[in-house]
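**Q** Just dropping this structure here.
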Amino acid sequence: MSCLRESIRHTGGDLAELLVAVENAPTLAAMMLAAWQLARAIAVAVVEDVLAERAQRPTEWPTCEKCGKRLESKGFVERTLRGLIGIVRWKRRVGRCPNRCKIGRVAPLDTELGLRPNQRVSDVLMRAACALAVFVPFGTARELLALLTGIEVSASSIWNWVQLVGARAKARIERQLKAFLAGDLPEEEKIEAGVAKLPLLVGADGVMVPFRPNDGQPDGRTVWREIKVGILARLGERVTKKGKTVTQLLRRRLVAVRGDIDSSWYRSAIRTGSNQ
């Protein structure tokens, strides 16, 4: 028996039970599925152990944003976050203003970890769910997410996440368009000198994409809109293992914009890309 298995067995608890499930799996498929569950449990245990260690470090308390007094520790409070590896739980110090200003509890470790107040789901898990929802219905995305991560979320939650990410993307595009109309051209990406000398391949077309007529709602008949798509790539070559020279597309860039948006932004994006 390997040292790894023996060490897992000696930990006892859920990890030991998951290891037994791997050892007793009748088929390879069942064995791999049980091993995947064990791997996630080990990952959660490692992350929780690291978080517990960080929580014990001395805390640099910030000052109150209202009165300027340094915050005071009110002990440890548990926090939970659902991520790709599973549900992670840990305790960290929280502080309050000594003057009782209404700023709520402040956890410096949360800020250090890049967490938002009241965040319960990791951004990576949300991103994975939204990516699945691009290709399959929300209910199917829910099933796939549970199969891959063991995390159960509702189809409506995935729908809300897609709306949130879409709103952020829309706001970002509107800021970029506003900046462009104000004369602020997109910054050109740096490109290697050798690649810049290669021929530039440019293509464009339009595709029809389904939209919902009511903003932020899944109801109503599908409305089809044209999306103008442009692609730019440098035309290079590479040699295969058999010594054959084949064409290779390098520095591929894709530009897409809804057809009813000012086409000058689209043309500018194409021109910017052509300089790369």
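The values are calculated or read from the model by the stated rules, or taken from the named source; none is laboratory data. Treat the numbers as computed from the prediction; the structure is a model and nothing was measured. All Cβ positions, glycine included, derive from the backbone under ideal geometry; neighbour counts span all protein chains shown.
**Q** Scan region 13-25 and report the pairs whose first residue is more than 17 Å from ALA45 (Cβ to Cβ) and whose second residue is aliphatic (A, V, I, L, M) and at pLDDT 90 or above, with Cβ atoms within less than 6 Å and a gap of 6+ or a chain change.
**A** Sorted first by the residue in region 13-25, then by its partner, the pairs are ALA25/MET31; ALA25/ALA34.
**Q** Between a first residue in region 79-91 that is in contact (Cβ under 8 Å) with a residue 12 or more places away in the chain and over 12 Å from VAL153 (Cβ atoms) and a second residue that is of a type in the set (Phe, Trp, Tyr) and in a strand (DSSP E or B), which pairs have beta carbons less than 9 Å apart while being 6 or more apart in sequence or on different chains?
**A** Within 9 Å, the pairs are ARG79/TRP90; THR80/TRP90; LEU81/TRP90; LYS91/PHE76.
**Q** With GLU48, GLU78 as the choices, which residue is charged (D, E, K, R), surrounded by 11 or more Cβ atoms within 10 Å (Cβ to Cβ) and within 29 Å of the chain's Cα centre (by Cα)?
**A** GLU48
**Q** Here's another thing I want to ask about it. Within region 6-15, which residues are exposed (fewer than 13 other Cβ atoms within 10 Å of the Cβ) and in a helix (DSSP H, G or I)?
**A** Selection gives GLU6, SER7, HIS10, THR11, GLY13.
**Q** Does TRP61 satisfy the criteria of being of a type in the set (A, V, I, L, M, F, W, C), part of a strand (DSSP E or B) and surrounded by 13 or more Cβ atoms within 10 Å (Cβ to Cβ)?
**A** Numbers: of a type in the set (A, V, I, L, M, F, W, C): yes; part of a strand (DSSP E or B): no; surrounded by 13 or more Cβ atoms within 10 Å (Cβ to Cβ): yes.
Here the answer is no, as TRP61 does not meet what is asked.
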